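Below is one structure. I have some questions about it.
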């Protein structure tokens, strides 16, 4: 217990006789930046209690105004007369705790969305011998703004050789979605998919849904990361190494600290903390850890609530909805090592509820379990148990799901509502996988999968695989699959040889227990993302002969493909085009297909301006001053830059780089305000053609700008007018003026002069 020993009776007398000193205060080798009044008598030091409390010294209740340092337990003091400093050394538990790492409360960049519309298309046409002509077109329409996003998808099919299967338009999904980024909430209406946990099924509904969306906050880490605690007695630097790779460095003040600057990692690993103090002494500490994203951080919750009618015959009927049902899922991080789960379903003659948990076992992995009960169309139970561990060299997962004969969930109710054939859910499902990666020997994998119906019918499969990197970036893959119930098996070998970033050669051979064998080879070159030509050549021989050749042309506006393939002598020619049309800012833009968000960069009518994304050139603005970026990840604050190096010198803007985040499925306008101004480099001379004196002050009229003459009478002005006047004041007090005219359409800096300056009064 901290205390000050009972003061001696002569403390007050010594304090009265003490000399007054003003010393720089040093706390645990860290300068406080303060000069403190100190009183000294025969080697004893007295300091005011307010100064001690401010330095972090712990004092008992109601200490005297002046406290003798030698009466404070656990405190060490040293008076350095030559440097006029007072050094205090405090125990680490007295010092404030320092925390480093990401904060769950950090504010993300608010996402933006401008009003606009988008039309995605993917057109496919084919002609097959003896089968005729066929067209298939996937379509998506979107409208977006501050109200959210409205999307509709569907497929149009047409057979040109007579009535075909399901000719015409088939609607898939029509959905409105609004995302509240601040609260990480998503509200949807229309066609949707219910939320589900690992031990239940999701179904399609027509209705409304409210759910937590962690994707709205890409800065947020939802699972617990390892924390490393330490203690610095003096100012130090700590380096954090994860599996021998340095990931962070922090400067420490004296005192305890917690380091939570670990990157997004998963599985088992080893962390090493190397602390270096101001004297160069190092202390190294190694700590093993285990991280899994199947857990939620303490206090975080994840949920999904859905209410609507079951979607019937999805992909066949446009507007077919069944009975009203409700579904809800919840996950809550009770602690960093325990996440609780719950799920419930009701409607269509079914009531179902279940609870589950994911438990962190420290360095031993994670354990999951659940139990569910259903009543109504099925009165039964479901049990699940799972385990997982992932390390640097090996990993293992195991899961069992077991159900009684009458157990049901909404997937069963949906099948019954859609008049689909099918019985109850399977009685038993087992899964066991093991991976092993010894250094220098590639990666080995073993998988066992089993399913058993209530009728007793079983399906059991075992898979063995091995892969290894060879020369360069080439790789070899081998696999063996065996059905344990009928003793059939298949063997596959594959070699992948990449030649560069875009092209690769893939060869493989397959053989099964029935003696069927095939050999295949494929050479492909992907079309560059910024535009260009790609192709693909493939051949397979064996029990089935196959030939394939196709070309891909990718531009900023669309992607076009065409090819031919032959299967067992039957030839098919095909072609397709995909892309997107965007209506925004009163303009129509064509681009490659936009799956998520996009950004429309505007330079206010300036064409040919280079635009960079994260320091990579995207392209140049068009004649209207726009560049559309079609592949932007939503909610990520991307950095965009414009480069004016090759642009007219009279072109100016206030910011050359900006960051912006875009709402899911929407587009945002990023405007770089550019102004074309008149500027000039001017040489002023006197009546004899001599440059005016350096340092003379010059005032521009009518703007009132001021500048000073440099060498050879030169000076520079921006923001000039067509008609300009310069007023010059020389060092000796004399004044003179000049007038000049500029071209309104000048895009480059104008050179003016030598320009005579007319003196006011007598000329020299």
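The values are calculated or read from the model by the stated rules, or taken from the named source; none is laboratory data. Values in this document were obtained by computation on a predicted structure and should not be read as measured data. Cβ: placed from backbone, ideal geometry, glycine included. Neighbour counts: every protein chain shown.
Just give me the residues in the range 533-555 being modelled with pLDDT under 90 and either farther than 23 Å from residue 519 by Cα or in a loop (DSSP other than H, G, I, E, B) (or both), in sequence order.
543, 544, 545
For every residue, the table says whether it meets (1) outside any strand (DSSP E or B); (2) in contact with a strand residue (DSSP E or B) (Cβ under 7 Å, 6 or more places away or on another chain); (3) under 21 Å from residue 141 (Cβ atoms).
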site: 157; (1), (2), (3): no, yes, yes
site: 163; (1), (2), (3): yes, no, no
site: 170; (1), (2), (3): no, yes, yes
site: 176; (1), (2), (3): no, yes, yes
site: 182; (1), (2), (3): yes, no, no
site: 187; (1), (2), (3): no, yes, yes
site: 190; (1), (2), (3): no, yes, yes
site: 197; (1), (2), (3): yes, yes, no
site: 200; (1), (2), (3): yes, yes, no
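Does residue 341 count as at pLDDT below 95 and in contact with a strand residue (DSSP E or B) (Cβ under 7 Å, 6 or more places away or on another chain)?
On the way: at pLDDT below 95: no; in contact with a strand residue (DSSP E or B) (Cβ under 7 Å, 6 or more places away or on another chain): yes.
When the stated conditions are applied, residue 341 does not pass them.
Give the range 693-707 a look and list any residue that's part of a loop (DSSP other than H, G, I, E, B) and within 18 Å of residue 740 (Cβ to Cβ), or say none.
696, 702, 703, 704, 705
Taking residue 503 as meeting all but one of (1) touching a residue at least 60 places away in the same chain (Cβ under 8 Å); (2) more than 18 Å from residue 125 (Cα to Cα); (3) surrounded by fewer than 16 Cβ atoms within 10 Å (Cβ to Cβ), write down the number of the exception.
(1) is the only condition that residue 503 fails.
Tally the residues that are free of Cβ contacts under 8 Å to residues at least 40 places away in the same chain and closer than 22 Å to residue 401 by Cβ, restricting the search to the range 446-480.
Counting residues in the range 446-480 that are free of Cβ contacts under 8 Å to residues at least 40 places away in the same chain and closer than 22 Å to residue 401 by Cβ gives 17.
Filter the range 381-438 down to the residues that are over 20 Å from residue 453 (Cα atoms), over 34 Å from the mean Cα position of the chain (by Cα) and surrounded by fewer than 17 Cβ atoms within 10 Å (Cβ to Cβ) and list them by number.
Within the range 381-438, just 419 meets the criteria.
Take the conditions at pLDDT 95 or above, in contact with a strand residue (DSSP E or B) (Cβ under 8 Å, 6 or more places away or on another chain) and either farther than 30 Å from residue 747 by Cα or assigned by TED's automatic domain parsing to the domain that holds residue 663 (or both) and apply them to residue 580. Does it pass? Explain how you work it out, then say what you get.
Numbers: at pLDDT 95 or above: yes; in contact with a strand residue (DSSP E or B) (Cβ under 8 Å, 6 or more places away or on another chain): yes; either farther than 30 Å from residue 747 by Cα or assigned by TED's automatic domain parsing to the domain that holds residue 663 (or both): yes.
Against the criterion (at pLDDT 95 or above, in contact with a strand residue (DSSP E or B) (Cβ under 8 Å, 6 or more places away or on another chain) and either farther than 30 Å from residue 747 by Cα or assigned by TED's automatic domain parsing to the domain that holds residue 663 (or both)), residue 580 qualifies.
Against the definition (farther than 30 Å from residue 605 by Cβ and either in the same structural domain as residue 585 (by TED's automatic domain parsing) or surrounded by 14 or more Cβ atoms within 10 Å (Cβ to Cβ) (or both)), how does residue 696 come out, yes or no?
Yes, satisfied.
(1) farther than 30 Å from residue 367 by Cα; (2) crowded, with 16+ Cβ neighbours inside 10 Å: which one isn't true of residue 278, the others all being true?
(2)
I've got another one for you. Scanning for something over 30 Å from the mean Cα position of the chain (by Cα), surrounded by fewer than 16 Cβ atoms within 10 Å (Cβ to Cβ) and within 22 Å of residue 476 (Cβ to Cβ), does the range 556-571 turn up at least one residue?
Among the residues of the range 556-571, not one is over 30 Å from the mean Cα position of the chain (by Cα), surrounded by fewer than 16 Cβ atoms within 10 Å (Cβ to Cβ) and within 22 Å of residue 476 (Cβ to Cβ), which makes the answer no.
I need the full set of residues from the range 708-726 which are farther than 15 Å from residue 677 by Cβ and either assigned to a strand (DSSP E or B) or not assigned by TED's automatic domain parsing to the domain that holds residue 689 (or both), in order please.
Of everything in the range 708-726, those that are farther than 15 Å from residue 677 by Cβ and either assigned to a strand (DSSP E or B) or not assigned by TED's automatic domain parsing to the domain that holds residue 689 (or both) turn out to be 708, 714, 715, 723, 725, 726.
State yes or no: is residue 540 out of contact with any helix residue (DSSP H, G or I) (no Cβ under 8 Å at 6 or more places or on another chain) and in the same structural domain as residue 591 (by TED's automatic domain parsing)?
Yes: the conditions hold for residue 540.
Matching residues to (1) modelled with pLDDT of 90 or more; (2) buried (at least 18 other Cβ atoms within 10 Å of the Cβ):
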{"site": "284", "(1), (2)": "no, no"}
{"site": "287", "(1), (2)": "no, no"}
{"site": "290", "(1), (2)": "yes, yes"}
{"site": "296", "(1), (2)": "yes, yes"}
{"site": "303", "(1), (2)": "yes, no"}
{"site": "317", "(1), (2)": "no, no"}
{"site": "320", "(1), (2)": "yes, no"}
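Residues that are closer than 30 Å to residue 347 by Cα and in a loop (DSSP other than H, G, I, E, B): does the range 435-453 have at least one?
Yes - at least one qualifying residue is present in the range 435-453.
From the list 668, 731, exactly one residue is touching a residue at least 24 places away in the same chain (Cβ under 8 Å) and either in the same structural domain as residue 621 (by TED's automatic domain parsing) or under 30 Å from residue 149 (Cβ atoms) (or both). Which is it?
Just one listed residue meets the conditions, 668.
Another question, if that's okay. When the range 75-97 is examined, which residues are found to be assigned to a strand (DSSP E or B) and either over 48 Å from the mean Cα position of the chain (by Cα) or crowded, with 17+ Cβ neighbours inside 10 Å (or both)? First the steps, then the outcome.
First, pick out the residues of the range 75-97 that are assigned to a strand (DSSP E or B): 76-80, 85-89.
Once the filter is applied, which keeps residues that are assigned to a strand (DSSP E or B) and either over 48 Å from the mean Cα position of the chain (by Cα) or crowded, with 17+ Cβ neighbours inside 10 Å (or both), the range 75-97 yields 76, 77, 78, 79, 80, 85, 86, 87, 88.
Considering each of 645, 684 in turn, give the residue that is over 29 Å from residue 113 (Cβ atoms) and out of contact with any strand residue (DSSP E or B) (no Cβ under 7 Å at 6 or more places or on another chain).
Result of the check over 645, 684: 645.
Residue 378: in contact (Cβ under 8 Å) with a residue 40 or more places away in the chain, buried (at least 17 other Cβ atoms within 10 Å of the Cβ), out of contact with any helix residue (DSSP H, G or I) (no Cβ under 6 Å at 6 or more places or on another chain) and closer than 29 Å to residue 291 by Cβ, yes or no?
no
Based on this model, can you work out whether residue 761 counts as touching a strand residue (DSSP E or B) at 6+ places or on another chain (Cβ under 9 Å) and at pLDDT below 85?
yes
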